[in-house]
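So the structure is just underneath, and the comments pick up after that.
Nothing in this text is a laboratory measurement; each read-out follows from the coordinates by a stated rule. Given the structure is predicted, the values throughout are model-derived calculations rather than measurements. In this analysis, Cβ positions are derived from the backbone assuming ideal geometry, glycine residues included, and neighbour counts consider all displayed protein chains.
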Amino acid sequence: MQQESSTSVSSVSQVVVGIDVAKRSLDCFIDPPAQSFTLSNDDAARAGLVARLLPLNVRLVCIEATGRYHRRVAADLIGAGIKVALVNPQRAREFARSIGKLEKSDRIDARTLAAFARAAEHRTLEKPQENQTELNDLVSRRRALVQMRVAESNRLGDEQPKLASRQGKKMLRLIEQQIEDLDRAIAKLIKSNDDWKGKSEIIDSVPGIGATTAHQLVAQLPELGKLNREQIAKLAGVAPLLRDSGTMRGKRTIGGGRESVRAVLYMGAFNAMQHNERFAAYADRLYAAGKQFKVVVTACMRKLLIILNQMIKTNTSWNGQLAFNHP
């Protein structure tokens, strides 16, 4: 009992930090000594923050994912050897409500993030590879253009005046050209990095999976090959989640994870079901068992992700016979 008490005290006494990131400011909370302060989100202020935290032997810094704005401070901290966890804003907000924090401000959010860092286990970020930020920005821009393309295509399906129709078609051609430009830039960037290039070639070796899907996964899921099957499935949000309580056994559903990765996996799995014999046979077995399309494609998404994770972990190209050994 005495040892457990000592461990608990040690855990509480370790320093954790919460940082609420905005475009021009960083609200920070260090615990202990329960200290709040605000800095500018610029190079000099971030360097000062790193210098302030290094002597404290910080166990973990918790930061909300905020698009582009969190990247610089996270990279600076990781580069200095300080562990950083990036959390989903929705999870952070749910945690705040669970501890009775209904108010919301930048300073309160920083304090809540520090409490979240102490209360839960978090996966820490790895040091980003060179050009990772540029690759992420290009992929993000491409994703936005694809959404615009879908919207414009849907509008063209409706009856419109001739002028609106001409403008819509012109816009679609422009969007298509920009997507092609981005695809070339992304491919060039991936080929310039041996690790990215190797992963991309392994993913591309799967029949039905093209270079575009491979590039998207390399950029948006750098953890491929570094986690076990359960971890990678949860990270992408394709793990079946329990819905049981007492004697009730609910339907398993998926959720959480990275929505953008799920979108890529959906298209990859859909194409594999059409053009890959092993995935087509797997889907047919599920259909024969009475499963609906949504369940079938979700199962194929998870199967594809787990196979790709194992292929990259073992540096092995596609081998359908080996890849389907596990359920």
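Just so you know, the averaged projected area of the alpha carbon convex hull for region 129-192 sits at 4.3 nm². FRET efficiency for the pair ALA187 and ASN228, taken as 1/(1 + (r/R0)^6) with r the Cβ-Cβ distance and R0 = 25 Å, rounds to 0.25. About its Cα centre, region 6-108 has a charge dipole of approximately 220 debye under the convention of +1 per Lys or Arg Cβ and -1 per Asp or Glu Cβ, with nothing else charged.
Beyond 24 Å, what share of the Cα-Cα pairs of the chain is found? Please give it as a whole percent. Cα-Cα pairs in the chain separated by more than 24 Å: 64 percent. Working note: 222 nm ellipticity from helices only, DSSP H runs with n ≥ 4, each -39,500 (n - 2.57), summed and divided by the residues of the chain, gives -19000 deg cm²/dmol to the nearest 500. When the pairs LYS83/LYS104; LYS199/LYS234; LYS23/LYS162; LYS23/LYS101; LYS170/LYS303 are compared against a 31 Å limit on Cα-Cα distance, LYS23/LYS162; LYS170/LYS303 fall above it. Of the residues VAL264, VAL150, VAL61, the one with the fewest other Cβ atoms within 10 Å heads the list, and the complete ranking is VAL150, VAL264, VAL61. Normalising the average separation of contacting C-alpha pairs (under 8 angstrom, six or more residues apart) by the number of residues puts the relative contact order of the chain at 12 percent.
Hey, could you get me the Stokes-Einstein D for region 54-193, Kirkwood radius over alpha-carbon pairs, 37 °C and 0.692 mPa s, rounded to whole µm² s⁻¹? Write out the running numbers ahead of the final one.
Numbers: Rh = 18.5 Å.
Approximately 177 µm²/s, per Stokes-Einstein.
Of the DSSP beta bridges with both residues in the chain, give the percent that are antiparallel, rounding to the nearest 5.
Values: 16 of 24 bridges.
Roughly 65 percent of the DSSP beta bridges within the chain come out antiparallel.
Each of TYR287, GLY67, VAL146 was placed along the dipole of the chain (beta-carbon charges, centred on the mean Cα), and the one lying farthest toward the positive end is TYR287. Comparing mean-square fluctuations of VAL296, VAL146, VAL218 from a GNM of the chain with C-alpha springs under 10 Å, the top value falls on VAL146.
Listing TRP318, TRP196 from fewest to most neighbouring C-beta atoms within 10 Å gives TRP318, TRP196. Structure remark: mean-square fluctuation, Gaussian network model of the chain, C-alpha springs under 10 Å; the largest value among THR314, THR66, THR112 belongs to THR314. Dipole size of the chain about its Cα centre, with +1 on Lys/Arg Cβ and -1 on Asp/Glu Cβ: approximately 740 debye, rounded to the nearest 20.
Computed from Cα positions, the angle between helix 132-156 and the longest principal axis of the chain comes to roughly 50 degrees.
Could you give the alpha-carbon Rg of region 2-119 over 2.2 N^0.38 Å, rounded to two decimals?
Values: Rg = 13.9 Å, N = 118, 2.2 N^0.38 = 13.5 Å.
Here the Cα radius of gyration is 1.03 times the empirical estimate.
Length gained on full extension, GLU277 to ASP42, computed as 0.36 nm times the residue gap minus the Cα-Cα distance: 79.3 nm.
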